[in-house]
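Shown next, in structure tokens, is the structure this report addresses.
Derivation of every value follows stated rules applied to the coordinates shown; laboratory data play no part. These numbers were taken from a predicted model, which means no experiment stands behind them. Please note: Cβ atoms are built from the backbone with ideal geometry, for glycine as well, and neighbour counts cover all protein chains shown.
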Amino acid sequence: MISCTEFIPFYSEVFKYLESKKGRAEVDRYWDDIFSPDDMDALRQQCIDNGVRGCWNYFTHTLNEEAADFTMYLNEKQGWYRTKMHRCPSKGKLLDLKAEFGYEPFHDYCLHCDFYRLALHEAGLEYIFDFDGIDEAKCLEFAYDPKIFDGRIIIDEDTKIQDVRASDNEYFHRDFNIGYQKSLRYLEKNFGHEGIVEYFRIATKNVYVPVIRAIREGFEEGKTAADGANAGAKGLAAIEAKIRDSYHREHADDAVAIKNDGKTLSVTVKYCPVVKYIKDNGAYLSGEYRYATEVPMRVLAEEGGYAFEMVSYDEETGAAEYTFTALA
């Protein structure tokens, strides 16, 4: 399972994968597809119904769930809306990972936000994205109603202001789980099952560098123990910690049960919280989503020198059983 809290780097990996396969233009084709007005219906409908206030309504929800650090302005009388992003949670996360272990984000990552304009145009609004500061996870987004806005931004008594710090909220935007399915849909349509598997393998190795390092270090440390009998125990402990952390971040500690005797790690997933959230909201679920569990877990096993078996997987609930077994 890829938790919504891990979505950002795995999303960046989609862009990198597409560019590696068909060049930079393929990334734009992908953005055109997933940011079509139909796929951005929540934002589009908000703005059709409420004008520039629709931006305020939509981004108040998303930016608070993403724990963004921002100041938002709305002046309906003047016909404009503005978001001043002090630290974008998405780009900020990628910059943090780069500082932590050298992760390389997609070079044009921030450009995907420009595709919000497609939905806003459907509602008769104009959209300006100021990219100044994106290397520090800063930016400015401005939407306006051309029938009202006279070109002047005046902050007065008619201006609503929402000033939010990242520490005010928990980073837990579960709609990312829905958005990720659109990425898998595109990959499946254009690259097939083999492309899905290849993408997950590459992304896992790029995003889970600290986890893989902990697994390998644990295994090597175990081999140098006095008798070497439990060489794989610490590596298995690192895998267990990663799995538990993913479900904890998804607020679903009850969904997973793990048995670890130092030689075999047996995982029972009672239900997948991602699958549950998607189905509860009537959203699209990729038929390839099982591989968001199977492939990353298999890669972690291979990188640590363990045998992996996916014993079962229920497409309806995401319930699963799988094992890691030490080879030494």
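Using C-alpha pairs under 8 Å with a sequence gap of at least 6, the mean separation divided by the residue count of the chain gives a relative contact order of 18 percent. For a bin width of 5 Å, list the pair-distance distribution of segment 35-168 built from all Cα-Cα distances, rounded to whole %. Per 5 Å bin, starting at zero, the Cα-Cα P(r) for segment 35-168 comes out as 2, 10, 19, 22, 21, 14, 7, 3, 2, 0 percent.
Candidate cross-link partners of K98 among the lysines, defined by an alpha-carbon separation under 22 Å and a same-chain spacing of 8 or more, comprise K16, K138, K205, K242.
Three principal axis extents describe the C-alpha atoms of segment 265-328; from largest down they are 46, 18, 13 Å. The amide H of K138, built 1.01 Å from its N in the peptide plane, has C88 as neighbours under 5 Å, considering only residues 5 or more places off or on other chains. A dipole drawn for the chain from +1 and -1 charges on Cβ atoms has a positive end, and of Y109, A307, Y30 the residue lying farthest that way is A307.
Candidate cross-link partners of K276 among the lysines, defined by an alpha-carbon separation under 20 Å and a same-chain spacing of 8 or more, comprise K182. Straight-line cross-link partners of K22 among the aspartates and glutamates, defined as a Cα under 18 Å from its Cα and at least 8 positions apart when in the same chain: E13, D32, D33, D108, E188, E194, E198.
Across segment 193-326, C-alpha contacts under 8 Å between residues 6 or more apart give a mean separation that, scaled by the residue count, equals a relative contact order of 25 percent.
Here the sum of -39500 (n - 2.57) over DSSP H runs of 4 or more residues, divided by the residues of the chain, equals -15500 deg cm²/dmol at 222 nm, to the nearest 500.
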